[in-house]
1. Return a yes/no flag: does segment 128-148 have any residue that is touching a helix residue (DSSP H, G or I) at 6+ places or on another chain (Cβ under 9 Å), assigned to a strand (DSSP E or B) and either acidic (Asp, Glu) or open to solvent by less than 10 Å² (accessible area, probe 1.4 Å) (or both).
2. Test each condition in (1) within 24 Å of ASN291 (Cβ to Cβ); (2) touching a residue at least 12 places away in the same chain (Cβ under 8 Å) for LEU141 and report the one that comes out false.
3. Among the residues of segment 176-195, write down those that are open to solvent by less than 60 Å² (accessible area, probe 1.4 Å), closer than 30 Å to ALA366 by Cβ and in contact (Cβ under 8 Å) with a residue 60 or more places away in the chain.
4. Of all residues being open to solvent by less than 30 Å² (accessible area, probe 1.4 Å) and part of a strand (DSSP E or B) in segment 334-354, which is nearest to VAL313 (Cα to Cα)? Just the residue, please.
5. Looking at (1) surrounded by fewer than 17 Cβ atoms within 10 Å (Cβ to Cβ); (2) assigned to a strand (DSSP E or B), which one does SER316 not meet, given that it meets all the others?
6. Out of the residues in segment 196-211 meeting the condition of being in a strand (DSSP E or B) and not aliphatic (A, V, I, L, M), tell me which one is most open to solvent (accessible area, probe 1.4 Å).
7. Out of (1) in a loop (DSSP other than H, G, I, E, B); (2) open to solvent by less than 20 Å² (accessible area, probe 1.4 Å); (3) β-branched (Val, Ile, Thr); (4) under 30 Å from PHE220 (Cβ atoms), the odd one out for VAL399 is which?
8. What pairs come up if the first residue lies in segment 257-269 and is closer than 18 Å to ASN297 by Cα, the second is surrounded by 14 or more Cβ atoms within 10 Å (Cβ to Cβ) and of a type in the set (Asp, Glu), and their beta carbons are under 6 Å apart, counting only those six or more places apart or on different chains?
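The values are calculated or read from the model by the stated rules, or taken from the named source; none is laboratory data. Note that the coordinates shown come from a computational prediction; the quantities given were computed from them, not determined experimentally. Glycine also receives a Cβ, built like all others from the backbone with ideal geometry; neighbour counts cover every protein chain displayed. Side chains are part of the model used for accessible areas, which takes the heavy atoms of the whole protein and leaves out ligands, DNA and RNA. Shrake-Rupley method; radii C 1.70, N 1.55, O 1.52, S 1.80 Å.
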Amino acid sequence: MKKLLFIAICLTITAISAAQRPVGDSAWRGDVKTVILSRPASTLEEPLLTLDEETHRLALQFDILADNPEALRWSISHCDADWRPDGLEPYDFMQGFESGPVDNYEFSFTTLTPFIHYTQTIPAMGARFIHSGNYLLTVSLEDYPDSVLLTRRFRVTEQSVKLSTETALPYDGMSTDRRQEVDAYVEAIPGVMGLTLNEQYLKVIAQQNGRLDTRRELPFSGYIGDALAYRNRQQNIFDGGNTFRFFDLSNLRTPMYNVQRVERYGGETFAIITPCENRSRRHYTVDAALNGDMKVNVWDRQNKALEADYVWVNLSLPMDQPLLGGSIHVVGELTGWRLDEESRMEYRPEYKAYTKRLRLKQGYYAYQLIYLPVRSTQGETAQIEGDHRETPNTYTVSVYYRSPADIADRLLAVRTIKAGN
C-alpha cells in the first residue's frame, strides 16, 4: 500500500512539473522534418495572428520520411506568457473546433529520399480565436493522442496598446562596440476600453532573433509622459553577436554558396559545407544573410515542396583543442533554435575539429555557432562568433497583460525592430 501511494505521489509530482515546464518547437520523431508554421505568403515571418482577423489563417507544413501516410491529428492549447500550459479550456479561447484530422498530404517525386508532405490550415475554417496570447499547436497520431510527433508555437495579439521600440547604445557606457540596447514604451490607445495600464499587470518581453535563450523580461523604469517606459536597465542590453553564417543547397549539381562539394552514394546525398572559422577576433564584416531563418528552394524543379530532396549536411569548425567548460551548438531554424543534444557539435580529435551532421531539405539556411557554458541556459556569442554593435539583429518586443479580472495572460501588442547598421 505504501509503495502504491509513493508511486502515485511521484506520478503526480511528475505531471505537475511537466505542466510547469515551458513548451517549445520540437519534432519528437527523427523522421519528422522541415516543420514550418507561418502565414501562407510569408514563411520567413513569425506565426502571428491578430485577434480580429477572422479570415486570416496559419499554414502548417511538414514532411515525414516514409513511403506511406499516417492518420494524424492536430490540436491547439493556450499557454501563459512564459510558454507554460495554463489549462485554459477550448471554449475559453476560441469558437469552433480546436482540433481535427491532418488529412491533406502529397507524395514526393523525383527525389532520392521518399517522403510524405503534409499541409494543414490553422485554425479550421469557421473557427476563430476569442482570446489573445501564446498558443501551442500539437500534431499526434490519430489513434494514439499521447504519441506527439511535433509541436509548434504561435501567437495571437490584440494590438490594443501603442508599443514603441528603439535601439540605442548601452546606457551604462560599457563595451559600446559590442553590445546593443533595446528600449520599449507602452501607451494606451484612446477609445480602447477595459484596460488599466498598471505596470503590475504588464509583462514586457524582448527576444533577439529566434533565440529562446535570449528571451527576457524588461523591468519597468518609470513614466515618460503618458507612456510606461522600459529602458536603461541591464536586462535591456544584449550582446551584439555577428551576422549569421549561411549555405545554399538549392543546386546539388553545382555546389553553391559555402558548399564545398556534393557526393552521392548508397542512395543518399551528402553535402560538405565549407569549414567554419572562429570569427571572435575578426573585425565586423557586412554579409547579407537571413537572421537564422531557412527557406526551402530547388533551382531545377517546379514544385519545391515535393521535389526538393533531403541531404545529409556536414558542418565543421576546425580547432586544435576542444573548449573546456562548455559545448558548441549550431543554432538557427535548422535546429529549432534549441541549445540541446540535437544542435550540439561533437569534437573529433582525429580531425581536430568540431563536427555536426544534419539531415536537411534543399534550400537556404542561416545559422550561428553558440557556446553554451556548463550548467547554464544562456548561450554566448563572444567565443566563436564575436560581438559587434553593427550586427543587424532582429528584436521582438511583446506586451503581455493580466489583471485580476482576466482568466489568462493576454498579448496586447508585438513589435519587431532591427538593430545595427
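1. Scanning segment 128-148 turns up at least one residue that is touching a helix residue (DSSP H, G or I) at 6+ places or on another chain (Cβ under 9 Å), assigned to a strand (DSSP E or B) and either acidic (Asp, Glu) or open to solvent by less than 10 Å² (accessible area, probe 1.4 Å) (or both).
2. Of (1) within 24 Å of ASN291 (Cβ to Cβ); (2) touching a residue at least 12 places away in the same chain (Cβ under 8 Å), only one is false for LEU141: (1).
3. THR176, ARG179, GLN180, VAL182, ALA184
4. Among those that are open to solvent by less than 30 Å² (accessible area, probe 1.4 Å) and part of a strand (DSSP E or B), it is TYR354.
5. (1)
6. From segment 196-211, those in a strand (DSSP E or B) are 202-208; that's our starting set.
Those left that are additionally not aliphatic (A, V, I, L, M): 203, 207-208.
Details: LYS203: 52, GLN207: 33, GLN208: 9 Å².
So, considering only residues that are in a strand (DSSP E or B) and not aliphatic (A, V, I, L, M), the one most open to solvent (accessible area, probe 1.4 Å) is LYS203.
7. Tallying (1) in a loop (DSSP other than H, G, I, E, B); (2) open to solvent by less than 20 Å² (accessible area, probe 1.4 Å); (3) β-branched (Val, Ile, Thr); (4) under 30 Å from PHE220 (Cβ atoms), VAL399 fails exactly one: (1).
8. Close Cβ pairs satisfying both conditions: TYR257/ASP248.
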